[in-house]
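To start, the structure under review is shown below, and the notes come after it.
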Ligand code: SF4
Ligand code: SF4
């Protein structure tokens with residue numbers, strides 16, 4: 001059954017006609033990395049301490065929840081290459097991916113729910129649950145009642161970075177998502193030695209390349225200033241380029257490209 005779920009996710013993304021850069025053979029998003037975690041994994045209770053009591057357990061979003069299905073959709077080489085050249089603003093390709101690639105990711109969440117329900121299981125995409133909320137001012141800064149990256153960590157797909165990103169075997173540049181279901185699947189084993197292992201700065205104090213890539217000084221050895229980053233990504237960039245690029249969400253991703261963790265777990 002695990003393979004069937006994996007196949008459904010990969011074929012949805014690969015076969016989605018919206019997953020295509022204009023005037024290019026390249027997709028926005030490559031084949032998914034997929035992992036499963038048990039809905040009763042104690043790590044979700046830990047998140048109530050680590051993130052905040054507002055972060056929901058799988059069973060709070062779906063009573064009788066058995067499994068959290070998580071995926072990471074790596075951003076394609078063509079898109080990453082375009083953003084590597086940028087120093088202040090995201091490339092057009094990166095911004096199209098933020099809007100249209102994320103639409104593919106959103107479609108995948110909804111498709112997987114319908115597909116699982118069609119097989120007689122219950123399913124919910126936390127991102128679209130009426131219980132989903134964002135909180136602007138918490139001890140960990142801006143946070144929400146369900147973190148896709150923390151779900152991906154629980155499913156063994158990677159670890160966190162200095163820049164608050166999530167570094168997988170295909171790197172830090174990706175979109176990610178999850179669906180909770182009553183279908184019982186075998187959990188993926190978490191193999192990372194700690195929750196920040198894949199980031200060189202956390203592993204051995206080196207690198208820090210993402211710090212120099214941020215045009216607004218939102219990154220430092222102390223970590224990620226979520227407020228400064230958010231103001232730049234959701235206000236300054238949108239005001240400057242939304243009309244020119246023709247998309248409402250543009251992202252930034254400068255700290256996720258031209259860095260050692262862009263598309264892999266950097267070697268020490
Ligand atoms: S660029 Fe270096 S320090 Fe920054 S997140 Fe990647 S590995 Fe960590
Ligand atoms: S997304 Fe952009 S603004 Fe935010 S930390 Fe990365 S480089 Fe800086």
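Quick test of your reading of the structure: residue 260 fulfils all but one of (1) touching a strand residue (DSSP E or B) at 6+ places or on another chain (Cβ under 6 Å); (2) at pLDDT 95 or above; (3) within 11 Å of ligand 1 (Cβ to nearest atom). Name the failing condition by number.
(1)
Tell me which residues, restricted to the range 151-185, are under 16 Å from residue 108 (Cβ atoms) and not in a loop (DSSP other than H, G, I, E, B).
Those that are under 16 Å from residue 108 (Cβ atoms) and not in a loop (DSSP other than H, G, I, E, B): 151, 152, 174, 175, 176, 177, 178, 179, 180, 181.
If you go through the range 205-232, how many residues are out of contact with any strand residue (DSSP E or B) (no Cβ under 6 Å at 6 or more places or on another chain), within 10 Å of ligand 1 (Cβ to nearest atom) and part of a helix (DSSP H, G or I)?
3
For residue 199, state whether it is in contact with a strand residue (DSSP E or B) (Cβ under 8 Å, 6 or more places away or on another chain) and crowded, with 17+ Cβ neighbours inside 10 Å.
When the stated conditions are applied, residue 199 passes them.
The values are calculated or read from the model by the stated rules, or taken from the named source; none is laboratory data. The structure presented is a predicted model; accordingly, all values stated were derived computationally and were not measured. Because the Cβ atoms are built from the backbone with ideal geometry, glycine has one as well, and the counts that use them run over all protein chains shown.
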